[in-house]
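Asker: Below is a structure I'd like to ask you about.
The values are calculated or read from the model by the stated rules, or taken from the named source; none is laboratory data. Everything numeric in this text was worked out from a predicted model, so none of it was measured. Here Cβ is always computed from backbone atoms with ideal geometry, including for glycine, and neighbour counts include all displayed protein chains. The protein model used for the area step is the full one, side chains on, heavy atoms only, and it has no ligands, DNA or RNA in it. Shrake-Rupley method; radii C 1.70, N 1.55, O 1.52, S 1.80 Å.
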Amino acid sequence: MNNERERFVAAQRNGDGDLMKFQTSSGRVLDYQQALQEVQAGSIAGVNVFKGRDGEMYIRGDADGDPSNNLDQLPQF
């Protein structure tokens, strides 16, 4: 395995627009819980986990000032 971490390259949303699944740069498809675990483990680059006001954990893009790489900008798959 190479040392380069995967990135999210596409996402699936539900009818409310909530992110449900992610496709990684290696082609794997992860549901939200799998993705959350991998982000927490440091396996996915460019994203982090935060605790929302509701106490749940969520995935968000790293704050880098570039809105083009926000998770909401990912293409659908």
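Asker: Given the condition surrounded by 14 or more Cβ atoms within 10 Å (Cβ to Cβ), aliphatic (A, V, I, L, M) and touching a helix residue (DSSP H, G or I) at 6+ places or on another chain (Cβ under 7 Å), answer yes or no: does some residue in region 63-72 qualify?
Answerer: no
Asker: Can you find a residue that is surrounded by 13 or more Cβ atoms within 10 Å (Cβ to Cβ) and in a loop (DSSP other than H, G, I, E, B) anywhere in region 15-35?
Answerer: Yes, region 15-35 has at least one match.
Asker: So, in region 1-14, of the ones that are part of a loop (DSSP other than H, G, I, E, B) and either under 15 Å from Gln76 (Cβ atoms) or among the aliphatic types (A, V, I, L, M) (or both), which residue ends up modelled with the lowest pLDDT?
Answerer: Among them, the one singled out is Met1.
Asker: Can you find even one residue in region 36-59 that is modelled with pLDDT of 95 or more, open to solvent by less than 80 Å² (accessible area, probe 1.4 Å) and among the acidic types (Asp, Glu)?
Answerer: yes
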